[in-house]
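See structure below.
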Amino acid sequence: MLVSEVEGFSDKVGFIWSVADLLRGDYKPHEYGQVILPLTVLRRLDCVLEPTKDAVVARAKDLAGRIENIDPILLRAAGQPFYNVSPLNFTRLLDDAPNIAANLRNYIAGYSTGAVEVLEKYGFDNQITRLDNAGLLYHVVARFADVDLHPGVVSNEAMGYLFEELLRKFSEMSNETAGEHFTPREVIRLMVNILLAEDDDVLRGTAPVRTMYDPACGTGGMLTGGQEHLAHLNPRARLEVFGQELNAETWAIARSDLMIKGQDPARIVLGNSFTADGFTGQHFDYMLANPPFGVEWKRIERQIKDEAEHLGERGRFGAGLPRISDGSFLFLQHMIAKMKPVSEGGSRLAIVFSGSPLFSGGAGSGESEIRRWIIESDMLEGIVALPDQLFYNTGISTYFWIVSNRKAPDRKGKIVLLDARDQWGKMRNSLGAKRKEITDDQIAEITRLYHDAVHLGGSDDRVKVFANSDFGYQHITVERPMRRRWYLTDETISAITDAKPYLALANPPKGATNPAAAVREGERAQQQLFGILRGLRGVREDREVAFDKHLGHALGQAGITIASNLRKAILSAAAMPDVDAPVVTDRKGQPLPDPDLRDTENVSLLEPAETYMAREVRPHVNDAWVDESKTRIGYEIPFTRHFFVYAPPRPVAEVDAEIDLVEAEIQAVLRGVAR
């Protein structure tokens, strides 16, 4: 069902929205939602409970003081996952205008614990005071009392649409925060379409029941999108949604959405998914998430690292930890941990990322190890590149990953990359950074391309299918032998006299009885050594030990002894690179690597390192070798490289002509100004 198909939808939204006319002047537009959203929730709950209200109130009075836990009894009496024991309702609130603030508070306090907690997180008590002080409270409550939100008039599904539409309006009026909690609906529809497309046949069955989870659910938009899609596909199907949200206000909105739809609001949990998982040990059929981009996790670093270190692969973060500055991969690992075992049907998930998780971190880093684990476990099914300027709070390019532990047989060992960056239409009015949208036809086209990807056979340039191993590489260290001759020049002597061990000669030892005399003695030692170094100019040796003998002989003749660190500094400075010098070897006669000539290369996993060396390196440096002890395996997904299309530069004559034209236009403007 489309929003436009809900009977009376526009009238209901318009009527509720008209409350903004009352608030104008006392409230700023972006504050309207602080009043209208909680009152919409309250009015809906009031209408839902009306048939059983008197019975619940009477039952509560009868049980007062007799039974300690009356919640289960009153919930049964209400026939809902919430109840209210106050004799007041929206109509009766209007009977006592002077005391409406106190009565409204008492009415709210009469709700069961879960409902009261939601209203507390809205911070609605502050709005009651503010409205009352402005003389608006009675008028606003009266306006809501006039709107009929009884289930017989507005179904749960229609109520969900209505609430979502109000939420969308408020998000658009507050562009600076919309992107944090509000994913564009067309993005959600696209993700849900692709996520569920593989299961169309199953989901069209008699009355399937599936579960969906979002660990950063915000206002619950992704979960709502999943329900809408399944309801459209099969009205008899049921999607039970679960979510967790860190922000109290958006948690209240998401929970309200379930309450007004008649679903269990306890399935939306308040708290941090990483440190206070609200669904420990639970697993889900589907998962969706749009976690915040590039958010650091320093505040919870200790808890995350403790779990990674102590639980390893038995925990959520055993594959690796991303850099502190971006916790995106923590969300993905957390979601993978909540996949159902393959023996129980397995799971599929979709998650929105920026470009960073595709390639950030070199071989052996946390990010690379996470990618490696996901790909080598054959869980990465595909990645879809979205247009830029699609989200409210950022214009950057985004991607969503599809991850599954139950790939279809024709997708096993393969990864689909789908470039949908050109699938967009321009919005008539931009919303913050959002200037583009994906149309329904484009959603259908992208979904088709993804569904048919492995059978297209390269017939569509927007889709490419790779083997898992195509994204792996060996990060090899290429060494070349050290070639040195030992001799001193004025430059190397200058470097020695600037070195710390040489300068330390003039420092008086701790506890010296006569520091000034110790300094003079040290300076004389410096002068002596300086003379010895100058005397060694012209001595040239192919081996360090031979040059060291010359140095030792000169020191002995002068009758001085120097510290080992100073002697090492002299020998190091005297070692001069020389391509024609003999190779420096260790005690076993093996060549020592030259750190100044060391290089690294990334070599495909599909090619032996030696084959690469023979083809690319040794024709230019035939004495190079690979230090296999330093080889690391890495994984990255260079998405844009695979879809790069070379565009030759324009001819110089064409550019010159364009410059001449622009210059002529500028001159014409300047002449007009001069007149």
Anything in region 38-87 that is among the aliphatic types (A, V, I, L, M) and farther than 22 Å from Arg255 by Cβ? List them, or say none.
Ala55, Val57, Ala58, Ala60, Leu63, Ala64, Ile67, Ile70, Ile73, Ala77
Only one of (1) farther than 30 Å from Arg44 by Cβ; (2) surrounded by 15 or more Cβ atoms within 10 Å (Cβ to Cβ) does not apply to Leu270, and that is (1)
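Residue-by-condition table, conditions (1) in a helix (DSSP H, G or I); (2) without any contact (Cβ under 8 Å) to a residue 40 or more places away in the chain:
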{"position": "Gly243", "(1), (2)": "no, yes"}
{"position": "Arg255", "(1), (2)": "yes, no"}
{"position": "Met259", "(1), (2)": "yes, no"}
{"position": "Gln263", "(1), (2)": "no, no"}
{"position": "Val269", "(1), (2)": "no, yes"}
{"position": "Thr275", "(1), (2)": "no, yes"}
Would you pick out the residues in region 491-525 that are surrounded by 15 or more Cβ atoms within 10 Å (Cβ to Cβ), outside any helix (DSSP H, G or I) and under 56 Å from the mean Cα position of the chain (by Cα)?
Ala499
Checked against (1) farther than 23 Å from Arg316 by Cβ; (2) surrounded by fewer than 22 Cβ atoms within 10 Å (Cβ to Cβ), Asn247 satisfies every condition except (1)
Tell me which residues, restricted to region 449-488, are under 27 Å from the mean Cα position of the chain (by Cα) and more than 30 Å from Ser365 (Cβ to Cβ).
Leu449, His451, Arg462
Touching a residue at least 40 places away in the same chain (Cβ under 8 Å), within 15 Å of the chain's Cα centre (by Cα) and assigned by TED's automatic domain parsing to the domain that holds His451 - does that describe any residue in region 370-378?
yes
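For Ile637, indicate whether it is surrounded by 12 or more Cβ atoms within 10 Å (Cβ to Cβ), in a loop (DSSP other than H, G, I, E, B) and modelled with pLDDT of 95 or more.
Values: surrounded by 12 or more Cβ atoms within 10 Å (Cβ to Cβ): yes; in a loop (DSSP other than H, G, I, E, B): yes; modelled with pLDDT of 95 or more: yes.
The answer is yes for Ile637.
Here's the yes/no breakdown for (1) free of Cβ contacts under 8 Å to residues at least 24 places away in the same chain; (2) assigned to a strand (DSSP E or B); (3) small (Gly, Ala, Ser):
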{"site": "Ser572", "(1), (2), (3)": "yes, no, yes"}
{"site": "Lys588", "(1), (2), (3)": "yes, no, no"}
{"site": "Glu607", "(1), (2), (3)": "yes, no, no"}
{"site": "Glu610", "(1), (2), (3)": "yes, no, no"}
{"site": "Arg615", "(1), (2), (3)": "yes, no, no"}
{"site": "His620", "(1), (2), (3)": "yes, no, no"}
{"site": "Asp623", "(1), (2), (3)": "no, no, no"}
So which residues in region 348-367 are surrounded by 24 or more Cβ atoms within 10 Å (Cβ to Cβ) and out of contact with any Ser or Thr (no Cβ under 7 Å at 6 or more places or on another chain)?
Leu349, Ala350, Ile351
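Out of curiosity, is Ala252 closer than 18 Å to Leu332 by Cβ and buried (at least 24 other Cβ atoms within 10 Å of the Cβ)?
No; evaluated as a whole, the condition is false for this residue.
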For region 280-317, how many residues meet the condition of being touching a residue at least 40 places away in the same chain (Cβ under 8 Å), of a type in the set (S, T, N, Q) and over 29 Å from Gly355 (Cβ atoms)?
1
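Residues are listed down the side, and each one gets a yes or a no for (1) acidic (Asp, Glu); (2) modelled with pLDDT under 85; (3) more than 14 Å from Gly160 (Cβ to Cβ):
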residue: Pro208; (1), (2), (3): no, yes, yes
residue: Gly220; (1), (2), (3): no, no, no
residue: Gly225; (1), (2), (3): no, no, no
residue: Leu230; (1), (2), (3): no, no, no
residue: Glu249; (1), (2), (3): yes, yes, yes
residue: Asp257; (1), (2), (3): yes, yes, no
Is region 538-554 home to any residue that is in contact with a helix residue (DSSP H, G or I) (Cβ under 6 Å, 6 or more places away or on another chain), touching a residue at least 24 places away in the same chain (Cβ under 8 Å) and part of a loop (DSSP other than H, G, I, E, B)?
yes
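Against the condition closer than 30 Å to Glu309 by Cα and in contact with an Asp or Glu (Cβ under 6 Å, 6 or more places away or on another chain), how does Ile374 come out, does it pass?
Numbers: closer than 30 Å to Glu309 by Cα: yes; in contact with an Asp or Glu (Cβ under 6 Å, 6 or more places away or on another chain): no.
No, not satisfied.
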Which one is farthest from Arg189 (Cα to Cα) among residues in region 412-446 that are small (Gly, Ala, Ser) and not in a loop (DSSP other than H, G, I, E, B)?
Ser430
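Filter region 640-669 for residues that are outside any loop (DSSP other than H, G, I, E, B) and either hydroxyl-bearing (Ser, Thr, Tyr) or in contact (Cβ under 8 Å) with a residue 24 or more places away in the chain (or both); which is surrounded by the fewest Cβ atoms within 10 Å (Cβ to Cβ)? Can you show your working first?
First, the residues of region 640-669 that are outside any loop (DSSP other than H, G, I, E, B): 640-642, 652-669.
After this cut, where a residue has to be either hydroxyl-bearing (Ser, Thr, Tyr) or in contact (Cβ under 8 Å) with a residue 24 or more places away in the chain (or both) as well, the list is 640, 642.
On the way: Thr640: 14, His642: 12.
Top of the filtered list is His642.
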For region 362-388, give me each residue that is over 21 Å from Val463 (Cα atoms) and not in a helix (DSSP H, G or I).
Gly362, Ala363, Gly364, Ser365, Ser377
Those residues that are without any contact (Cβ under 8 Å) to a residue 40 or more places away in the chain and of a type in the set (Ser, Thr, Tyr), I need them from region 120-154; list them, please.
Thr129
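Residue under question is Phe391, and the condition is that it be in a loop (DSSP other than H, G, I, E, B), free of Cβ contacts under 8 Å to residues at least 24 places away in the same chain and either buried (at least 20 other Cβ atoms within 10 Å of the Cβ) or of a type outside the set (Phe, Trp, Tyr) (or both); does it hold? Outline the logic, then answer.
Numbers: in a loop (DSSP other than H, G, I, E, B): yes; free of Cβ contacts under 8 Å to residues at least 24 places away in the same chain: no; either buried (at least 20 other Cβ atoms within 10 Å of the Cβ) or of a type outside the set (Phe, Trp, Tyr) (or both): yes.
In short, no.
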With the requirement that a residue be loosely packed, with under 11 Cβ neighbours inside 10 Å and either not in a loop (DSSP other than H, G, I, E, B) or not polar (S, T, N, Q) (or both), what does region 590-605 give you?
Pro595, Asp596
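The values are calculated or read from the model by the stated rules, or taken from the named source; none is laboratory data. Values in this document were obtained by computation on a predicted structure and should not be read as measured data. When we count neighbours, we look across all protein chains shown, and the Cβ atoms used for this are built from the backbone with ideal geometry, even at glycine.
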